[in-house]
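Data first, discussion second: the structure below is written as structure tokens.
The values are calculated or read from the model by the stated rules, or taken from the named source; none is laboratory data. Please read these numbers as outputs of a predicted model, since none were measured by experiment. Virtual Cβ from ideal backbone geometry, glycine too; neighbours counted across all protein chains shown. Remember, those area values only see protein heavy atoms, side chains included, never the ligands or the DNA or RNA. Shrake-Rupley method; radii C 1.70, N 1.55, O 1.52, S 1.80 Å.
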Amino acid sequence: MNKILSVIFFFLISISALPQTDSLRIVAFGNSTTAFRKGVDKVYSVRLQEKLTQAGICACVVNSGVGSSHTGSIKDNDFAKVKHGMDRFKTDVLDLRPNWVIINFGLNDAYQDEGIKGKPRIPLVKYRENLEYFIKKIKDQGGNVILLTPNPLGSRYEQFRKSQVEKYANCVRAIAREQKVALVDSWELFSRHASATHVAGDIDFLYLDGIHPNDLGHELIADTLFRSLTHFLSNESENFRNNAE
């Protein structure tokens, strides 16, 4: 009888460790590949919300994506007259006090407006500094981070642009390792899916326009995010139960 009661007790502890109503707050912070977009039925933040709800995890996923934004401030590069990452990080992320933040930048940071000899809007060194700043502030608040690499570019883009974005994707991978934060490698995710279902290197079917993911692209991202989050939540619950024992 005591053994049965113990099992029930630890089961209840496990359930209480899972997110309750509105207790799990997730912010998707990024550029136009995160933002709501014409031509996409459901972006990955919406799909993630649905998957968590279907799994019985009460959560609120906030979309803080802004088209054309980079990680810096408008003072760093004002080609796009929008609120960039640094300009809105406090209001769009920290003030919401999220449990998890999905960070998805890089395509605009890497873009060279003057062509192959031009400078990127946000230099790679500054891009790294900005991402590390975001991570530190989120951790200081007790939050967790999932980094997304920028997705690869489709066939309509020149090779030098593809190579430039890949440098930024490599930077994200390195930061994830160094900072010990979760990583969803959109670059590899899209490339592997293309190789498995179409022709290796042909990823255009995942895009609206060669750069912005279509619904299939957003579904791939959302599914990987969902599996990552539920893995971490399961581990948290298991650790809580083990500590209680």
Report summary line: From DSSP H assignment alone, runs of 4+ in the chain each adding -39500 (n - 2.57), the sum over residues rounded to the nearest 500 puts [θ] at 222 nm at -16000 deg cm²/dmol
**Report entry** Per residue value of the accessible surface for region 83-215 (all protein chains in place, 1.4 Å probe), Å²
**Finding:** 46
Query raised in the report: Rounded to the nearest 5, what is the percent of antiparallel bridges among the DSSP beta bridges in the chain?
Result: 10
Report summary line: The base-10 log of I(q)/I(0) that the Debye equation returns for region 17-76 at q = 0.12, 0.15, 0.21, 0.22 Å⁻¹, one scatterer per C-alpha, is -0.36, -0.52, -0.81, -0.86
Query raised in the report: How much of the accessible area of region 166-222, probe 1.4 Å, is carbon plus sulfur, in whole percent?
Result: 53
Report summary line: Quick tally, 1.4 Å probe accessible area for Val172, Val61, sorted with the most first, runs Val61, Val172
Query - Along each principal axis, Cα extent of region 109-243, largest first, Å - result: 55, 36, 19
Report task. Can you tell me the equivalent ellipsoid semi-axes for the chain? Use √(5λ) from the Cα gyration tensor, largest first, whole Å. Result -> 35, 20, 16
Query raised in the report: Can you pick out the pairs among Lys83/Lys180; Lys51/Lys126; Lys81/Lys119 whose Cα atoms lie more than 30 Å from each other?
Result: Lys51/Lys126
Report task. Only Lys, Arg, Asp and Glu count, each charged at its Cβ (+1, +1, -1, -1), so figure out the dipole size of the chain about its Cα centre, rounded to 20 debye. Result -> 420
Report summary line: Contact order relative to length for the chain, counting C-alpha pairs under 8 Å separated by 6 or more residues, stands in percent at 21
Query raised in the report: Just in region 94-203: which trypsin sites (Lys or Arg not before Pro) are loop by DSSP and have at most 16 other Cβ atoms within 10 Å?
Result: Lys117, Arg156, Lys180
**Report entry** 5 angstrom amide H check on Ile146, placed H, neighbours 5+ away
**Finding:** Val101, Ile102, Ile103
Query raised in the report: Running Debye on region 43-86 with equal point scatterers at the Cα sites and no solvent, what base-10 log of I(q)/I(0) appears at q = 0.29 Å⁻¹?
Result: -0.92
Report task. Please find the FRET efficiency linking Asp202 to Ser23, where r is the Cβ-Cβ separation and R0 is fixed at 45 Å, and quote it to the nearest 0.05. Result -> 0.60
Query raised in the report: Pick from Gly210, Gly56, Gly85: which residue has the top mean-square fluctuation in a GNM of the chain where Cα pairs under 10 Å get a spring?
Result: Gly56
Query raised in the report: What ranking of Asp140, Asp202 comes out by heavy-atom accessible area, probe 1.4 Å, highest first?
Result: Asp140, Asp202
Query raised in the report: Among the listed pairs Lys117/Lys167; Lys137/Lys162; Lys117/Lys139, which are separated by more than 27 Å between their Cα atoms?
Result: Lys137/Lys162; Lys117/Lys139
